[in-house]
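Undergrad: Please see the structure below; I have some questions.
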Amino acid sequence: MPPAKKRLRSYDSAKIRTAVLTQFGTVREAVARLTPEQLALPSGLGDWTVRELAAHLSMAVESVSRYLEQPEYPGPPPGPVVVLPEWPFTTAAHASAISEDIRALAASATPDELFERAETRIAALLPGAPDDRLLATRIGAIRLGDYLVTRTVELIVHTDDLNRAAGLSVPYERQALAACTRLLADALAVKAPGASTEVRIPPYAVVQCVEGPRHTRGTPPNVVETDPLTWVRLATGRTTWREALDAARVSASGERADLAGLLPLMG
């Protein structure tokens, strides 16, 4: 018989909605205090400046409203509905188009104006929208509840980018960081299915992955452990496996505990 399909992780809708809005509000306050000199700094993401990074952070939430304003699907979507553990692998194909959109957005208004508009629109549109509403996004159809979980990834990853680029210490909302960590951990299990290696990211996630002898009890022979922020940076290419090992930010034991060939999960 084929192996049983893994059950998809569930997320608390109310907590995710609060986490997205809280992290967005925290970032908005930080961006409002940036000086023109800080906005002109390199972001560390290609040739984007911090101003363009700020525009991207505003778009992380603005996109929810934009998709909610579109007509609902009149029937079944034309293709498969995107499920959360596969979402990280859908974004790279659209990176160029996203970059062009962000440049235009950053040139169209000040960061304060972009954040105010995004906050106002989502406050009006999100409360009455059901989680199972199908959104027609550039990556395909995805349920609103799942799309909001992907927003935690965008907000956490780019809050970290903002902190490093502008020398800030914007905090990470706990539920947003937890959801981001879990989604990226589940994506690793999709990319490298198996049960020979256990990846631990306390206190938020534990997944088994990588083909090989299945572990059944006791301490598994192959274990990787790291903290949530290091995991997020590894999964998104902000740091390398070797850099994290050398800095003692990750521990790895066992012959199948080297994840270098599997990372990053999204660029």
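The values are calculated or read from the model by the stated rules, or taken from the named source; none is laboratory data. As the structure is a computational prediction, the values presented were derived from the model and not from experiment. Reconstructed Cβ throughout: ideal geometry from the backbone, glycine too, with neighbour counts over all protein chains shown. Heads up: the accessible areas ignore ligands, DNA and RNA and are worked out on the full protein's heavy atoms, side chains in. Shrake-Rupley method; radii C 1.70, N 1.55, O 1.52, S 1.80 Å.
Undergrad: May I ask you to give the solvent-accessible area per residue for the range 130-240, in square angstrom, as obtained with a 1.4 angstrom probe? Don't skip to the end; give the middle numbers.
TA: Details: 4060 Å² over 111 residues.
Result: 37 Å² per residue.
Undergrad: Hey, another quick one. Probe 1.4 Å, all protein chains in place: accessible area of residue 69 in Å², nearest 10?
TA: Counting only protein heavy atoms, the figure is 110 Å².
Undergrad: Got a sec? Charge dipole of the chain, +1 on Cβ for Lys and Arg, -1 for Asp and Glu; which of 49, 111, 90 is way out at the positive end?
TA: Positive-most Cα among the choices belongs to 90.
Undergrad: Let me know the shape class of the chain, please: from the alpha-carbon gyration tensor, a ≥ b ≥ c as square roots of the eigenvalues, rounded when a/c is under 1.5, otherwise prolate if a/b is greater than b/c, or oblate. Show your work: numbers first, answer last.
TA: Values: a/c = 2.04, a/b = 1.33, b/c = 1.54.
Here the chain falls in the oblate category.
Undergrad: Please state the shape class of the range 127-248: rounded when a/c is under 1.5, otherwise prolate if a/b exceeds b/c and oblate if not, all from the C-alpha gyration tensor. Can you show the working numbers first?
TA: Working: a/c = 2.19, a/b = 1.25, b/c = 1.75.
Oblate, since a/c reaches 1.5 and b/c is not below a/b.
Undergrad: At what distance in angstrom do the alpha carbon centres of the range 1-61 and the range 62-135 lie from each other?
TA: Taking the Cα centre of each part, the range 1-61 and the range 62-135 sit 13 Å apart.
Undergrad: Counting only heavy atoms of protein chains, what accessible area per residue, in Å², does the range 20-89 have with a probe of 1.4 Å?
TA: 47 Å²
Undergrad: In deg cm²/dmol, rounded to 500, what helix-only [θ] at 222 nm does the chain give when every DSSP H run of at least 4 residues adds -39500 (n - 2.57) and the total is split over its residues?
TA: -15500 deg cm²/dmol
Undergrad: Same structure again: On the accessible surface of the chain, probed at 1.4 Å, how many percent belong to carbon and sulfur atoms? Don't jump to the answer; show the numbers that get you there.
TA: On the way: 7030 of 13070 Å².
Heavy-atom surface of the chain belonging to carbon and sulfur, 1.4 Å probe: 54 percent.
Undergrad: On to the next question. Grab the Cα-Cα distance for residue 139 and residue 243, subtract it from 0.36 nm times how many residues apart they are, and report the gain in nm with one decimal.
TA: Here the answer is 34.3 nm.
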